[in-house]
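Here's the structure we're looking at; comments come further down.
Computed from the coordinates by the stated procedures, all read-outs in this text should not be read as laboratory data. Since this is a predicted model, take the numbers as computed values, not measurements. Quick reminder, even Gly has a Cβ in these numbers, built from the backbone with ideal geometry, and neighbours come from all protein chains shown.
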Amino acid sequence: MADLQAELDRIDAEIRAAEDWGEVAAYIPELARVPKRQFAIAVATADGALCAAGEAGQSFSLQSVTKVFALAIALGRSGDQLWARVGREPSGSAFNSIIQLEHEGGRPRNPFINAGAIVVTDEILAGREPRHALSEIVQFVRAAAGDEDIHINRAVAQSETRHGHRNFSLAHFLASCENLKNPPEKTLGTYFHQCAIEMTARQLALAGRFLIGPPAGPRLISTQRIRRLNALMLTCGHYDGSGDFAYRVGIPAKSGVGGGILGIVPGVASVAVWSPGLNRYGNSKLGTEALERLARAMDWSVF
Ligand code: GLN
C-alpha cells in the first residue's frame, strides 16, 4: 500500500499548513482544553493493511462516534423493535436540538442526534446496571479493534455530566413522553460514559473494519445490518451537515465533537481522522477536509 501511505503523508502535510483549525467543543470543559492544532489520519484496508500519518497514536474522545457501536449493539438486542422508539430520517437540525423532539411527540428523528442516541443507550441499559451496559459497549469496541487497550476517560464523563444541561433536557423530555425505560439520570450517566471512550486514530480505523462488509472485516454483525448502519451514517452521521458531507466526501461516516470521524468505504477500507477543531455543524473541520482529499485521491465514493 505504498501509494496509500504516500497519500496520507501528503494530506498530513497539506492539512498542517491550514490557517483555520476550527473551534474545539467548549460546552464540555475537558474537551475545551485539548490543543486544536492536532491532526491524525489512519486507514485499515479490507486486505489487512494499516497506514497512518500525523498524531495517529494520540488518544482522543470518541464522543458521538460511539453512537455507531451503540446502535449495532442495540439492534442486536432489540432488533426492529428499536424503530418504534426512534426514527431513521435525517434531522436537518443541530445534534442537540430540542425543538424537533417536541414537534414529533418525543420520537427522535434518528439514532445519531443526541435525543436518538440517548434512546439507543437507554435500550442497551434496560434491565441491567450501567456498568454492565458500559462493559458490553467497551468490549464490543475492543473486539472490533482487536485491541484490549481501549478505555473510558472518567474525567471527560464527569465534565459532561456537570455541564450536560441540554442532554438532561432532552432525556427528561423523552421521559415525559414515556420514551425512556430507565430514570433520565441513569441513562444519561451511561450515555456520558459511553461518549467518553477514548481511542487513537489507528485504533478507530481498526475498530471500523466490521462495517467494511464482505469479504473483509471481523464478522461482528450480519451483512444486512452492516449495510443499514452505513445507510444511516451516510444520511444522518453528520447531523445537519450530512448533505454537505455526502456531497464533498461521498462515503458513510460518523463524527464526534471530540474531532474524530469514522468513514467507511464499503468493501474497501475503514478510515479514521481526528482534528479537535470543529465546523459550524460540530463536525471536525480539518478532518472533513482530509477525508475529502483522501476520497478524491483514492477515487473512493459510494456513488
Ligand atoms: N457527548 C456529546 C453530547 O452529548 C456527544 C455529541 C457529539 O459528539 N456530537 O453532546
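Could you tell me whether Val68 is in a strand (DSSP E or B), surrounded by 19 or more Cβ atoms within 10 Å (Cβ to Cβ), among the aliphatic types (A, V, I, L, M) and touching a strand residue (DSSP E or B) at 6+ places or on another chain (Cβ under 8 Å)? For Val68, the condition - in a strand (DSSP E or B), surrounded by 19 or more Cβ atoms within 10 Å (Cβ to Cβ), among the aliphatic types (A, V, I, L, M) and touching a strand residue (DSSP E or B) at 6+ places or on another chain (Cβ under 8 Å) - is not met. If we scan region 184-195, do we find a residue that is under 26 Å from Ala144 (Cβ atoms), small (Gly, Ala, Ser) and in contact with a Ser or Thr (Cβ under 6 Å, 6 or more places away or on another chain)? There is no residue in region 184-195 that is under 26 Å from Ala144 (Cβ atoms), small (Gly, Ala, Ser) and in contact with a Ser or Thr (Cβ under 6 Å, 6 or more places away or on another chain). All told, Gly213 meets the bar of being over 26 Å from Arg131 (Cα atoms), in contact with a strand residue (DSSP E or B) (Cβ under 9 Å, 6 or more places away or on another chain) and away from the ligand (no atom under 16 Å from the Cβ). Residue pairs whose Cβ atoms lie under 7 Å apart, separated by 6 or more positions or on different chains, with the first residue in region 219-244 and closer than 17 Å to Ala46 by Cα and the second aliphatic (A, V, I, L, M), are Leu220/Ala143; Leu220/Ala144; Ile221/Ala72; Ile226/Leu211; Asn230/Leu211; Asn230/Ile264.
With respect to Arg142, determine if the residue is surrounded by 15 or more Cβ atoms within 10 Å (Cβ to Cβ) and more than 22 Å from Ile28 (Cβ to Cβ). Taking the combined requirement at face value, the residue satisfies it.
When the residues of region 185-213 are filtered to those that are of a type in the set (Val, Ile, Thr) and touching a helix residue (DSSP H, G or I) at 6+ places or on another chain (Cβ under 7 Å), which remaining residue is nearest to Gln63 (Cα to Cα)? Give the derivation first.
Looking only at region 185-213, we keep the residues that are of a type in the set (Val, Ile, Thr), and these are 187, 190, 197, 200, 212.
Now narrow it down to the ones that are touching a helix residue (DSSP H, G or I) at 6+ places or on another chain (Cβ under 7 Å): 187, 190, 197.
Numbers: Thr187: 16, Thr190: 13, Ile197: 7 Å.
In this case the residue turns out to be Ile197.
Taking region 85-110 as the range and being assigned to a helix (DSSP H, G or I), in contact with a helix residue (DSSP H, G or I) (Cβ under 9 Å, 6 or more places away or on another chain) and surrounded by fewer than 17 Cβ atoms within 10 Å (Cβ to Cβ) as the test, the residues that pass are Gln100, Glu102.
Across region 22-56, the number of residues qualifying as assigned to a strand (DSSP E or B), surrounded by fewer than 18 Cβ atoms within 10 Å (Cβ to Cβ) and either free of Cβ contacts under 8 Å to residues at least 60 places away in the same chain or of a type in the set (Ser, Thr, Tyr) (or both) comes to 0.
Return yes when Ala231 is surrounded by fewer than 24 Cβ atoms within 10 Å (Cβ to Cβ) and in contact with a His (Cβ under 9 Å, 6 or more places away or on another chain) and no when it is not.
For Ala231, the condition - surrounded by fewer than 24 Cβ atoms within 10 Å (Cβ to Cβ) and in contact with a His (Cβ under 9 Å, 6 or more places away or on another chain) - is not met.
Annotation note: of Ala56, Ala32, Ala18, the sole residue that is under 24 Å from Ile264 (Cα atoms) and hydrophobic (A, V, I, L, M, F, W, C) is Ala56.
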